[in-house]
Amino acid sequence: MRLLHFADLHLGVESYGYPDPGTGHNSRLLDFLKALDSVVDFALHGDIDLVLFCGDAYRRGHSVDPTEQKEFAMRMIRLATGGVPVFLVVGNHDIPKARGKASTVDIFTTLQVENVYVASRPGIHRVHTRRGELSIMALPWLSRGAMLGREDMRGLTMEEVDGQFRERLRNIIETCATEAAHSAGSGQAAPAILAAHIAVMEAKLGSEREFILGSDPAMPVADLARPPFSYVALGHYHRSQTIGRQSIPAVYAGSLQGVDFSDEGMDKGFYEVEIEEDALALRQAQGGARFTFHPLPSRPFLTLEMEMDSHAPPMEALRHLMESRRSQIEGAIVRTRISGADREMVPEREVVRILREDFGAYYALPPTLSTRARPTRLGATTSDQGLSPLEALKLYLEQKQTSPERLQELLDYGRRLVEEEEASPAG
């Protein structure tokens, strides 16, 4: 049985983009849709039995643009009508802020779209493919906010709440694993996998740092990579990586496109997974799965580092550096880091013009100079960008040069206040 595993699409990320004159869409949206089209084409023409998406279809679950919803739905329906079932796990960015409201992908269930399965709650799903049945233990994103509203959580520290949260997740996984193993033992043998949108302790972070405020309660990989699962498909972290025991791989597919400069130099793509279909072959393979990473063309991020000296004017030296790296700059998202020069000696507008017009660069951040830039007025920033309270707090603390440890502590406290408010009956 052959699966395609991808995650963290994040439609709606528009950083560094501009309006495309041909479509009117943000050019970054077109980048992400192009990557998604490559996934769909591979599944339809590559003998794939099921497409497994492990969460975060959109950038913001509470304010999804209808165009983004339409574009995503068109591609999922193309897969489903093409004979490839689609299994969607709900991620943290697919969930609205208010409790009790539908996720961004629940519309597929409401409309009863054939061949599209949505996992909005933990549980075992039996999915029929052309090569047989697959047992999927789904673990969508679970917020600890609901736990904070319980009476028995009052007065606990955040560490204690996280401990209770992890114990709840362990119980869910244990129950589902037992159910899957019982089915196999009763003659209903089918390969079993775990699909989760979750933070794992041993994983390395990527550009999702930009999206995470505070800290997520992470699970040890040993609680996930366990029998009877032959493969653990993960979403949430944007860096593609394999963790866990060798016999039962736990794999983050990563994001399909780079989101910010934390993704510089990283390959983006999806995994093709092969799982044995019968119980005997599964035992002979010791429960494991074969998986291959398929990189996709993605718009690269590139940082140009330059230290000024007195031998050449700053702009002349910068232009020479750009010429020497023209092949890397073309089509990339570029930023510059220049030390040893005053800001006035490297005009931001001129740098942007050169990159866009002379070198065909996709977009350029204003150069970061050695002198500290004047902080942006918080009120104007939050108004312009529509930041959430936690995002505004993070921005404020960063502008105040708060130490990383203190910033994390304050974000954790602010996050708890927000989650308590959302968990209250009035919220």
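Any read-out appearing in this document is the output of simple, stated calculations on the displayed coordinates, not a laboratory observation. This is a predicted model, so every value here is computed, not measured. Heads up, the Cβs are rebuilt from the backbone with ideal geometry, glycines too, and the neighbour counts pull from every protein chain shown.
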field: Net +/- balance of residues flanking residue 173 in space, Cβ distance below 12 Å, scoring K and R +1, D and E -1
entry: 0
message: Quick one: 3J(HN,Hα) in Hz for the range 117-134, Karplus 6.51/-1.76/1.60 with θ = phi - 60°, rounded, Gly and Pro as x.
response: 10, 10, 9, 9, 9, x, x, 8, 10, 9, 10, 8, 10, 5, 9, x, 9, 10
- request: Select from the range 111-183 those trypsin sites (Lys or Arg not before Pro) which occupy a DSSP coil region and have at most 10 other Cβ atoms within 10 Å, ordered by residue number.
  value: 154
- request: Pull out the extension gain between residue 412 and residue 274, defined as 0.36 nm times the separation in residues minus the alpha carbon to alpha carbon distance; nm, one decimal.
  value: 45.7 nm
message: Report D for the range 56-129 in µm² per second (integer): Stokes-Einstein, Kirkwood Rh on Cα pairs, 10 °C, 1.306 mPa s.
response: 124 µm²/s
- prompt: For the range 174-179, in order, what is each residue's ³J(HN,Hα) by Karplus, 6.51 cos²θ - 1.76 cosθ + 1.60 with θ = phi - 60°, in whole Hz (x at glycine and Pro)?
  reply: 4, 4, 5, 5, 5, 5
- request: Using label points projected 7 Å from each Cα along Cα→Cβ, tell me how many nm separate residue 330 and residue 358, to one decimal.
  value: 1.7 nm
message: Could you compute how fast the range 2-295 diffuses translationally, taking Rh as the Kirkwood radius over C-alpha pairs and applying Stokes-Einstein at 25 °C with viscosity 0.890 mPa s? Give it in µm² per second.
response: 126 µm²/s
